[in-house]
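The values are calculated or read from the model by the stated rules, or taken from the named source; none is laboratory data. Computed from a prediction, not measured in an experiment: that's the story for all the values here. Backbone-built Cβ (ideal geometry, glycine too); neighbour counts: all protein chains shown.
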Amino acid sequence: MAVYNGNLYAGTDNCITGTEIWRAHLLRQISWIEQPRDTNKPMRSLASYRISQVQSLLEEVQKTCDKLKDEDDPLYSECCVNRLDEVTGYLEMAEKFYMGGNYIAANYWALKALDLLHEIQECCGK
């Protein structure tokens with residue numbers, strides 16, 4: 001018996017022992033186990049979607065905050081000041097990671113931005 005290219009062949013003249021066949025089988029199993037899974041690529045479309053969500057929700061929230069500012073509403077300083085800058089920073093991080101091909105990190109930063117935008121919306125709705 002012999003192992004060529006991962007396949008087992010039987011024969012009478014090749015002088016391969018059972019131990020060598022066992023090692024070849026074990027090496028094939030180990031290489032199968034050690035193959036890393038790419039979890040980054042499947043996140044590409046999700047990260048893109050989340051970034052789009054942030055961009056549209058940010059526009060909405062900015063309009064609400066501008067309206068509060070124009071009305072001299074105290075909710076503007078309580079809810080909007082500094083928080084919109086933080087959201088913009090998170091969005092920039094998400095876009096940078098997305099452009100760099102790190103879709104997991106892009107999704108993470110987009111989710112942080114979305115969470116903060118929802119907090120701002122809730123605060124403005126008081």
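Here are some residues: Asp38, Asp72. Which one is at positive phi and at pLDDT below 95? Talk me through it step by step, then tell me what you get.
Values: Asp38 fails: at positive phi.
Being at positive phi and at pLDDT below 95 holds for just one of Asp38, Asp72, which is Asp72.
Quick one: count up the residues across region 39-75 that are more than 13 Å from Ala113 (Cβ to Cβ) and in contact with an Asp or Glu (Cβ under 9 Å, 6 or more places away or on another chain).
1
Residues that are outside any helix (DSSP H, G or I) and touching a residue at least 40 places away in the same chain (Cβ under 8 Å): does region 76-95 have at least one?
no
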